[in-house]
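Visitor: For reference, the structure I am asking about is given below.
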Amino acid sequence: MKLKIDKAGRILLPKPLRERLNLHGGATLEVEELPDGIMLRRLVQHPSMIRKDGMWVHLGKLPRDIDWDRIVDDERDERIKDISGPMKV
């Protein structure tokens, strides 16, 4: 199959190909440069957060500069406060 690039650098994928690959307007494609050409791949986006066994699990990329120990400690302290109720002085 031969395709042409227009003056704006766009490539039109023929309708039968789009239908076969389930590509619709607004779909995101990833382009990979190879030694002998390029490869277009449909980019399937998944949610970064999912609920698994009653807990939220993050599947996306996280910033490197987050202090996870502090976050876990703070969350643990809040849960202990919630479970134990108000403190008596």
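None of the figures in this text is laboratory data; all of them are computed from the coordinates on show. Since the model is a prediction, treat every value here as computed from it, not as a measurement. Cβ placement follows ideal geometry from the backbone for every residue including glycine, while neighbour counts extend to all protein chains displayed.
Visitor: Give me the net charge for the shell around Ile83: Cβ to Cβ below 12 angstrom, other residues only, Lys and Arg +1, Asp and Glu -1.
Guide: 0
Visitor: Put +1 on the Cβ of each Lys and Arg and -1 on the Cβ of each Asp and Glu in the chain; which of Leu13, Leu23, Ile50 then has its Cα farthest toward the positive end of the dipole?
Guide: In the chain, that residue is Leu13.
Visitor: What is the magnitude of the charge dipole of the chain about its Cα centre, with +1 placed on the Cβ of each Lys and Arg, -1 on the Cβ of each Asp and Glu, and no other charges, expressed in debye to the nearest 20?
Guide: So the magnitude is around 760 debye.
Visitor: Continuing with the same structure: With a 10 Å Cβ neighbour count serving as the proxy for reagent exposure, in which order, fewest first, do Asp73, Asp53 appear?
Guide: Asp53, Asp73
Visitor: Further question: For n ≥ 4 DSSP H runs only, could you compute -39500 (n - 2.57) per run for the chain, divide by its residues and tell me the 222 nm figure to the nearest 500?
Guide: -8000 deg cm²/dmol
Visitor: Could I ask something else about it? Largest first, please: the extent of the C-alpha atoms of the chain along each principal axis, to the nearest Å.
Guide: In descending order, the Cα extents are 79, 28, 22 Å.
Visitor: Loop only by DSSP, 11 or fewer other Cβ within 10 Å of the Cβ. Give me the trypsin sites (Lys or Arg not before Pro) in segment 1-67 that pass, ordered by residue number.
Guide: Listed in order of number, the matching sites are Lys2, Lys4, Lys7, Arg10, Lys61, Arg64.
Visitor: What FRET efficiency comes out for the pair Ser84/Ile50, r = Cβ-Cβ distance, R0 = 41 Å, nearest 0.05?
Guide: The value I calculate is 0.85.
Visitor: Right, another one. Which far-off residues, 5 or more places away or on another chain, put their amide H under 5 Å from the one on Leu29, with H placed in the peptide plane?
Guide: Long-range HN contacts for Leu29: Leu43.
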